[in-house]
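Take a look at the structure below.
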Amino acid sequence: MRFDLDRYNRVVWGLLGTLALIGLALLLVTGAVSLWPSRHLAGTIPTQGAPDQPGPDLPAPSLRLGLPEPVPGTEFVLIPVEALVDGRRGGGGGFSGYSKGESGAPLFNMVFLNTRTRTTHALLARKALITRYEVLEDGHGNAAKAAALVLRVVDADTNRNGRLDDEDAEKVYLCDPSGKDLREILPAGAICERWQYEPGRRTLYLLTRPQGEALHGGPRDVLAAALGSRQPAEPLLPKEQSDSLRALLHH
């Protein structure tokens, strides 16, 4: 039998070429499958946790205590409590604001410590943002004695942006020097720009404007809140007097 070398070479090279093509096709298919997302991954969208519940990739909020501040003339000290979320003050959880101790620190509660009995209690019973606070004092120097604590507080997401911040409507509260008897004194629909305490009359005066009015150029009113009263702050001028003064502007 005569051996046909040329035909043999053509068969071998054809077989090798076919195997190479098959191998290349398998390689391309395997690579495409590995790069294509599975049905489970393609249908999963990471969701951010709610303001009071961290997401799956965020650490839980941490408490950050500030240095205690003595309440003059009492056996109490107040301890500021800040929110530390995701390693940053106010990050992720929606807190931002002002505290007396450190500008820009988000303060969301206070703890009052009785230095004699070593008992403690929190001022607020719900999540809130304290944008300003002040200890009102009677007397001066060593004779100073705390009369009350006044606070500007945000405790509702009024602009519905999913967080508590200084763009939400603020409330003004008074409490006694021990952090008890917390009560709201600012009428609904009013915004307090600043306040001033008069120790002689134990009265807190609040400069306010109607909600929605511009910061400059709009109407202003002064409300008075007596420390010993359970009533909200009331206008310093009677309505008749205000109407009379307003009428003079039209003459």
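Of all residues in segment 179-193, those that are modelled with pLDDT under 95 have Cβ atoms under 6 Å from Cβ atoms of residues that are surrounded by fewer than 18 Cβ atoms within 10 Å (Cβ to Cβ) and polar (S, T, N, Q), 6 or more apart or on another chain, in G189/Q211; I191/Q211. The listed residues are A226, A148, and the only one of them that is surrounded by 11 or more Cβ atoms within 10 Å (Cβ to Cβ), over 21 Å from the mean Cα position of the chain (by Cα), closer than 30 Å to T120 by Cβ and outside the structural domain of A128 (by TED's automatic domain parsing) turns out to be A226.
Regarding A105, is this residue among the small types (G, A, S) and either modelled with pLDDT of 85 or more or within 25 Å of L223 (Cβ to Cβ) (or both)? Steps first, please.
Values: among the small types (G, A, S): yes; either modelled with pLDDT of 85 or more or within 25 Å of L223 (Cβ to Cβ) (or both): no.
Taking the combined requirement at face value, the residue does not satisfy it.
Scanning segment 151-186 for residues being on the phi > 0 side of the Ramachandran plot and surrounded by fewer than 21 Cβ atoms within 10 Å (Cβ to Cβ) gives a total of 3.
From the list E82, E75, the one residue that fits, being of a type in the set (D, E, K, R), surrounded by 15 or more Cβ atoms within 10 Å (Cβ to Cβ) and at pLDDT 80 or above, is E82.
One residue stands out in segment 194-223 among those that are at positive phi and at pLDDT below 90: the one that is nearest to the chain's Cα centre (by Cα), namely G212.
I'd like to know if segment 196-210 contains one or more residues that are in contact with a helix residue (DSSP H, G or I) (Cβ under 8 Å, 6 or more places away or on another chain) and either assigned by TED's automatic domain parsing to the domain that holds K145 or not hydrophobic (A, V, I, L, M, F, W, C) (or both). Within segment 196-210, none of the residues are in contact with a helix residue (DSSP H, G or I) (Cβ under 8 Å, 6 or more places away or on another chain) and either assigned by TED's automatic domain parsing to the domain that holds K145 or not hydrophobic (A, V, I, L, M, F, W, C) (or both).
The values are calculated or read from the model by the stated rules, or taken from the named source; none is laboratory data. What you are looking at is a predicted structure, and each value in this text was computed from that prediction instead of being measured. With ideal geometry, Cβ positions are generated from the backbone for all residues, glycine too; neighbour counts draw on all protein chains shown.
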